[in-house]
Amino acid sequence: MRISFHGADQGVTGSCHLIECAGKRLLIDCGLYQGSRELEEENAEPFGFDPAEIDLLLLSHAHLDHCGRIPLLARRGFRGEIVTTAASRELARLVMLDAAHLQEEEAEYKQRKASRHGNHRPRIQPLYTTLDALNSLDFFGRVARYGEPLQLAPGIRATFVDAGHILGSASILLELEEGGQRRRVLFSGDLGNAGRPILRNPAPPPTADVVVMETTYGDRRHKQLAPSIEELYEAINDTFRRGGNVIIPTFALERSQEILFHLREGLEAGRLPRTVQVFLDSPMAISATEIFRRHPECYDAETMDLFREGRDPFALPGLRFTRQTADSMAINRIGGGAVIMAGSGMCTGGRVRHHLKHHLWRRDCSVVFVGYAANGTLARRIIDGAERVHIFGEEIPVRARIYTIGGFSAHADQAELLDWHAATGRPHTTYLVHGEERSMRAFARRIRDGRVVMPRLHQAFRL
Ligand code: ZN
């Protein structure tokens, strides 16, 4: 029995872990590296194992940094079975197709640029294509339900446990047996932040001998959610009093639906004006919202009650979905009283850039950031107080009011991670993954029981 690590080693992206047991090879996640250019170039490197020899892939959830290399895996010979929850399966389809489209666009852009510079190298290929993403969908097989063990092969049993992170997300317990030896290996996946709306809190984990866990916020405590919601309402009301619009750059999965949920509650509680117009201007977020509606089995009790009463948790009177570009452009004719949610969350692409171009220079408008903004992104520059920014080659002065609201994280914080770890019993080994080095080290110091390991890329261990 062996475990090896092929991504998310001392970094937050590219999750990919390999288990070898009872003559089978199984992967937990196969995510994309995201962030700096050097990191993204890692995606094209060999996996560190032969994709054709992988029998099973268990997917913890549908974020790109967990499922984004699946089309590449299939393109390089993977013919095994992908097992995940019903909701993750639908979301992963959306996420992988969107990623393939972006890869194709980027390759085309680089090709045009190379040609302009008289560079006639061989054609620049995307990491993978839409066709690769479609082909990889054929490998999705059995569907996992929370808490129900699946016998995947002799000596390999898997149980998916609700991780409360995004719709369909799971921690995965493997019960392994080989040559009379037994091991319980638990992968945390990404763990959610308790007390958020829509989803349930992470389920208490089963006990395990070996734990592989994320450490995204291994060194930090989160702000409270309730004051963040208040801040959001105040930002909107204040902007409307000044006569402007509110732009909210959003991530398509989870954050958009959560903000819709809070806006609906604000309207029902009379905290927001009845006349508010809300636009969800992101085709991917619209599709994701439809998938949310199809999976009430993932909801918490409060959202389930709404659903049972026949009420839509994501519907509010002034809400409009804009899929078409023309409808998106028409939004810019509205002078005030609108909340416009558009991707991407870090303003690196997508329709939000058009809205910023039309609103950033207006003193009566606001931009409200509700998610993580990496260094080097347009969102980061605006948050850091840039007086002017470049959007589509134009210099735009930043006169709008800028809010950053920190309480909407989809990840567990240090205290929650420690509680979760303590509940796994006394694992003899804990492997820390999916965190920046500083966060990982801070977290490692807080673990009392057993051996703590921070594996390097492609490092392998006997279980
Ligand atoms: Zn995630």
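Counting Lys +1, Arg +1, Asp -1, Glu -1, what net charge surrounds E41 among other residues with beta carbon under 14 Å of its beta carbon?
-2
What is the magnitude of the charge dipole of region 266-387 about its Cα centre, with +1 placed on the Cβ of each Lys and Arg, -1 on the Cβ of each Asp and Glu, and no other charges, expressed in debye to the nearest 20?
560 debye
Mind checking which of A422, V389, N43 is farthest towards the positive end of the chain's charge dipole, using Cβ charges of +1 (Lys, Arg) and -1 (Asp, Glu) about the Cα centre?
My answer, from the dipole projection, is V389.
Under unit Cβ charges (Lys, Arg +1; Asp, Glu -1), what dipole magnitude, rounded to 20 debye, does the chain have relative to its Cα centre?
800 debye
Which of F292, L267, I248 sits farthest toward the positive end of the charge dipole of region 225-408, with +1 on the Cβ of Lys and Arg and -1 on the Cβ of Asp and Glu?
Checking the options against the dipole of region 225-408, the answer is I248.
If you take the charge dipole of the chain about its Cα centre, with +1 on Lys and Arg Cβ and -1 on Asp and Glu Cβ, which of T303, A158, H66 is farthest toward its positive end?
H66
Using the Karplus equation 6.51 cos²θ - 1.76 cosθ + 1.60 (θ = phi - 60°), what ³J(HN,Hα) coupling, rounded to whole Hz, does each residue of region 185-199 give in order, writing x for Gly and Pro?
Listing the rounded values in order: 10, 10, 9, 5, x, 8, 9, x, 9, 5, x, 7, x, 6, 8 Hz.
Sort 286-298, 358-370 for me by packing, meaning the mean count of neighbouring Cβ atoms within 10 Å per residue, highest on top.
Taking the mean over residues of other Cβ atoms within 10 Å, the ranking is 358-370, 286-298.
Counting only other residues whose beta carbon sits under 14 Å from that of E148, what net charge do I get with K and R as +1, D and E as -1?
Residues close to E148 contribute a combined charge of 0.
Round to the nearest 0.05 the FRET efficiency obtained for A107 and R242 when R0 = 45 Å and r is the Cβ-Cβ distance.
Efficiency for this residue pair is about 0.55.
Evaluate E = 1/(1 + (r/R0)^6) for D419 and E38, where r is the Cβ-Cβ distance and R0 equals 35 Å; express this FRET efficiency to the nearest 0.05.
Between D419 and E38 the formula returns 0.50.
Pulled fully out, how much extra length does the chain show between F461 and R76, if you take 0.36 nm times their separation in residues and subtract their Cα-Cα distance?
Full extension of this stretch gives 136.1 nm more.
Would you mind computing, in nm to one decimal, how far apart the modelled labels at Y233 and R221 are, each placed 7 Å from Cα along Cα→Cβ?
With each label placed 7 Å out from Cα toward Cβ, I get 2.5 nm.
At R0 = 30 Å, how high is the FRET efficiency between R123 and N375 if r is their beta carbon distance? Nearest 0.05 is fine.
0.40
How long is the gain from R333 to R2 if the chain were fully straight, where each residue apart is worth 0.36 nm and the alpha carbon distance is subtracted?
Length difference between fully extended and current span is 113.2 nm.
All of the numbers you see were taken from the coordinates with simple rules; none came from a lab. What you see is a predicted model, and the numbers here were worked out from it, not measured in a lab. Please note: Cβ atoms are built from the backbone with ideal geometry, for glycine as well, and neighbour counts cover all protein chains shown.
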